[in-house]
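Below you'll find the structure, written out as structure tokens, and then a few comments.
The values are calculated or read from the model by the stated rules, or taken from the named source; none is laboratory data. All of these numbers come straight from a predicted model, not from anything done at the bench. Cβ atoms come from the backbone with ideal geometry, glycine included; neighbour counts cover every protein chain shown.
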Amino acid sequence: MAARPLAEPRSFVMDLDCLNSSGPPEESVKSTFAVAQTDRHSKLERFPPLMSLAPSIFVPLVEDITKPVDIPRDRIKRLEWMINAMDHHRDGVRENMTYLFIGERDRISIEAAEEEARAGATDTMPGLPPDEVDWIIGNMEAPIQPEYDYSVLPQPMNEPKTCNDRPSLREDTVNRLVDLVAYAQGEMVNYDTFMQNMRDYYLKKFEREKQRMDGMGKGPER
């Protein structure tokens, strides 16, 4: 299974163009808001629910397997060939995992947009004020501060809620997207750790083999 091309980053923020429509202000905003919301998400690829990351392990082959593969006979070159192949496979798996996470993000956004359209458009402001968007992007582009911990912190247990405290559709969607980001980060870190351990294992074998071969070539001193 070949690695799929990554989709363009998208967000659950709705278009602001609906505010420029003619007609009664309130009704124009509502009707155009629903159309813009549905049209934007209709362009996204619909994915099935993300149940497993197992398909990520299938990456494009580097060499044509229909032709004889020239595997080095020398132990040092063979270990080097294995490490390079491992690096290629790791990059391909990470790309596939990212593609699946993006698909799950789009699926959540599509279903939320469709459910909101079925329920009828609201007069909620579609999107963020431009100055607030600039402020958020500015924070995202700011240099990393080494004294801060940017990892996802464990969230405290939520207090029991009554039926009257049920989150809105958008609140629930945001919560699901935040959970997806935390899950994706955890899976990526786990996979990177696993692959780094494997790489270190073969790299140590590579170094030991080089030392052994260097020692054999020196011979006794006279």
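Mind checking whether some residue in segment 112-132 is modelled with pLDDT under 90 and β-branched (Val, Ile, Thr)? Yes, some residue in segment 112-132 is modelled with pLDDT under 90 and β-branched (Val, Ile, Thr). Here Leu61 clears all of (1) at pLDDT 50 or above; (2) surrounded by 15 or more Cβ atoms within 10 Å (Cβ to Cβ); (3) of a type in the set (A, V, I, L, M); (4) assigned to a loop (DSSP other than H, G, I, E, B) except the condition numbered (2). Being in a helix (DSSP H, G or I), out of contact with any Cys (no Cβ under 8 Å at 6 or more places or on another chain), surrounded by 14 or more Cβ atoms within 10 Å (Cβ to Cβ) and at pLDDT below 90 is a property that does not hold for Lys205. A count restricted to segment 176-209 and to residues that are aliphatic (A, V, I, L, M) and under 16 Å from Asp91 (Cα atoms) stands at 5. Of Leu44, Leu19, Leu100, all but one fail to be in contact with an Asp or Glu (Cβ under 7 Å, 6 or more places away or on another chain) and either surrounded by 14 or more Cβ atoms within 10 Å (Cβ to Cβ) or modelled with pLDDT of 85 or more (or both); the exception is Leu44.
Remark: pairs (first residue in segment 60-73, more than 14 Å from His89 (Cβ to Cβ); second residue assigned to a loop (DSSP other than H, G, I, E, B) and among the acidic types (Asp, Glu); Cβ separation under 9 Å; 6+ apart in sequence or on different chains) = Val69/Glu63; Asp70/Glu63.
How do the pairs read when you match residues in segment 126-145 that are in contact (Cβ under 8 Å) with a residue 40 or more places away in the chain with residues anywhere that are among the charged types (D, E, K, R), using Cβ under 8 Å and keeping only pairs 6 or more apart or on different chains? What qualifies is Pro126/Asp15; Gly127/Asp15.
Scan segment 64-77 and tell me whether some residue there is of a type in the set (A, V, I, L, M, F, W, C), within 20 Å of Arg199 (Cβ to Cβ) and in a loop (DSSP other than H, G, I, E, B). For segment 64-77, residues of a type in the set (A, V, I, L, M, F, W, C), within 20 Å of Arg199 (Cβ to Cβ) and in a loop (DSSP other than H, G, I, E, B): present.
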